[in-house]
Structure formats: C-alpha cells, structure tokens
Amino acid sequence: MIKIIGLSRIHITLFDLEGKYGRIDGGVGVALKYPRIVVRSGNCFKLEVSLPFEVPKMCIEEDFEEHIGLGHTTQYLLSVAKLSAEYNFKRLSSYELAKLVKRGGTSGVGVYAFDYGGFIVDGGHSTKVKRELLPSDFSSAPPPPLIARLNFPWYIYVNVLKGGRRIFGKDEIKAFKEAKLEGLDTLARVVLMELIPSVAEKDLEGTLDAISLIQNLGFKKVEVSLQADEVKKLMNDMAKIGFPAGLSSFGPAVYTFVSSKREGEELISRFDGFISEPNNEGAKVFWSTINS
C-alpha cells in the first residue's frame, strides 16, 4: 500500500497582475497541517486524470471542501499524481507533477508547499511565458520559480463562514479580467520589507501588520471586495480585538496567526473556526506491505 499525506494552504496574496516589469502573478502563502488530503492505493475508484504512467485505483481517507480558499484542487491533484508516480517507482518533484496535472499556472504557493511546506514566496511568471491574466484552473503556464521558503513559527486560526461566497469558474475569470488594481508598488514594499523579514525574525506583530495592510492593496483588495458582508464583518471584528485578519485566496476562508493554542481557542470560542499547526515539512509518502 502507498499512502500520501497531504496538506492545505493559506494564500496571502498575489503580487502583480499588471506585468509592468515583465512578470505577472507572484504569490506568498503558508502550508497547513490541517485540513489535509490523504489518499492511498486501494480498490475504491480510479480517477480519470491524464498522466504519462499508470494511474492506480485509490481511496480517499481524508479530504476537505473545494472553493473555500485553502487550495483544494492543487493539493488533490498533486496527491493523486504523487501516488501514481510512486506506484510506478518514479520520484518526481511537485514542480514536475504540477506540470503534468496543469497546476501552478498562477500561484506556485500550493505547488511548493506540497514539496517543502512552510512559508512560500514565488517569483511569478515571465510575460514571455504567460501573456494572459488567468487563474490556475484556466492557465497552461508552468509553475513559477520558488524564490523563498522559511519555516513558519506560529499557529494558524481559520474560519470558513457558510454564508461566504465561493468564487470559481467564470466568476473567477471575470475577477481577473476586470480587476482594477491599486497600490501595487506599496504592496511590493509591504511584502518584501515587512512580511518576509517579519516571518524570518519571528516577529508576529510585524507579520500581522503586513497582513492587515495587504487586504487593501492590489488584487487582494479585489478579492476582499467580492466577499459576502458577513466575511468582511468577521475580519473587522477580529481586528477590533487585536487579531488582524486576512482572506485566503478568494475566500471565504478568513485567517490570522496566533502565538499559542490558547489564543486560537479564544478566537474559536468567540467566532467558531479552527486552528492548525503550520506544515513545515510538505506532503509525506508512506509505503506499507499491508494490502487493502
């Protein structure tokens, strides 16, 4: 039996959909231990996915919802592709697997989180390679380069409101095509000169200040504007009690970072939601002689 223990991720922001300096997209985010996708070889189903090697039958032991901002599609397809590669005795990186299943065409956060876990920064796509602004579901571009990876030092609080909007498909393409972007230069400075060094120095206050600023800049401002009022209210209510909140991808997942489980439990008691440890290792592969 082969088992893949996967993960989910928080997507903090895309950097630049303007392409003024020859690159577009660019992303930053954090890998989570939970929720996660766990698949194993077994006689449950065979996924219709095109790979240049045999796709075995498999079973899903753990899963989480699609279109909530935690990167389900990329993590699911990478998990299936990884299991299939291992089944055929092929050791392929997440970059190679992502090209096969056509993921990473916008952000590389989910791709590199699968391999390495942690806090991930990617460098976006050259406009020589990707000429259109498209979400990953509709882009054939290969994953962007990884430019930074750090261990992430804090717990992550997450709240997925049932009344939040799930933006995907045509709505997602429309958001990319019609985005009116503001504050891109400020966003770049906030990410480079506050967010990344604050994570490196384990400065939670600086990290959360950057998260707060990011919500009103660039494409993240567009994503927040498209969410339901109750999602925006949750973000405001969290900020009022000292926990600046961010929207992961298009949401509706709202997140913040906390220094202890106790702080996370206080947020759960007030707002519901859950807490997760960061995943600083990436997805895991387990082989067993047990047949299923």
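The values are calculated or read from the model by the stated rules, or taken from the named source; none is laboratory data. None of the values given here were measured: they were computed from a predicted structure. Note: ideal-geometry Cβ built from the backbone for every residue, glycine included; neighbour counts use all protein chains shown. To get the accessible areas, we keep the full protein, side chains included, count just its heavy atoms, and leave off ligands, DNA and RNA. Shrake-Rupley method; radii C 1.70, N 1.55, O 1.52, S 1.80 Å.
If I ask for residues that are free of Cβ contacts under 8 Å to residues at least 24 places away in the same chain and not in a helix (DSSP H, G or I), which ones from region 80-98 would you list?
F89, R91, L92, S93, listed by residue number.
Name the single residue that is modelled with the highest pLDDT among those in region 249-292 being aliphatic (A, V, I, L, M) and part of a loop (DSSP other than H, G, I, E, B).
Result: A283.
Suppose we filter region 1-24 for residues that are assigned to a strand (DSSP E or B) and open to solvent by less than 20 Å² (accessible area, probe 1.4 Å); how many remain?
Number satisfying all stated conditions: 9.
Being buried (at least 18 other Cβ atoms within 10 Å of the Cβ) and over 25 Å from F257 (Cβ atoms) narrows it down to one of E178, E172, E194, so name that one.
Matching residue, one of E178, E172, E194: E172.
Checking the condition within 21 Å of T73 (Cβ to Cβ), touching an Asp or Glu at 6+ places or on another chain (Cβ under 7 Å) and open to solvent by 10 Å² or more (accessible area, probe 1.4 Å), which residue from L161, L133, L100 passes?
Going through L161, L133, L100 in turn, just one is within 21 Å of T73 (Cβ to Cβ), touching an Asp or Glu at 6+ places or on another chain (Cβ under 7 Å) and open to solvent by 10 Å² or more (accessible area, probe 1.4 Å): L161.
Yes/no per residue for (1) in contact (Cβ under 8 Å) with a residue 40 or more places away in the chain; (2) more than 21 Å from L161 (Cα to Cα):
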site: L192; (1), (2): no, yes
site: E201; (1), (2): no, yes
site: K240; (1), (2): no, no
site: E265; (1), (2): no, no
site: I275; (1), (2): yes, no
site: K284; (1), (2): yes, yes
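Got at least one residue in region 80-92 being out of contact with any Pro (no Cβ under 9 Å at 6 or more places or on another chain), modelled with pLDDT under 95 and closer than 18 Å to G26 by Cα?
No, the conditions are met nowhere in region 80-92.
I'm told A113 meets every condition in (1) under 24 Å from G206 (Cβ atoms); (2) under 14 Å from the mean Cα position of the chain (by Cα); (3) in a loop (DSSP other than H, G, I, E, B); (4) not β-branched (V, I, T) except one. Can you identify the failing condition by its number?
Failed condition: (3).
Which members of region 59-79 meet the condition of being closer than 12 Å to F114 by Cα and either assigned to a helix (DSSP H, G or I) or open to solvent by 20 Å² or more (accessible area, probe 1.4 Å) (or both)?
Scanning region 59-79 gives H72, T74, Q75, Y76, L77, L78, S79.
As an exercise: evaluate N43 against (1) open to solvent by 40 Å² or more (accessible area, probe 1.4 Å); (2) assigned to a strand (DSSP E or B); (3) modelled with pLDDT of 95 or more and give the number of the one condition it does not meet.
(3)
Quick one: R166 ticks every box in (1) among the charged types (D, E, K, R); (2) touching a residue at least 12 places away in the same chain (Cβ under 8 Å); (3) in a helix (DSSP H, G or I) bar one, so which box is it?
The number of the failed condition is (3).
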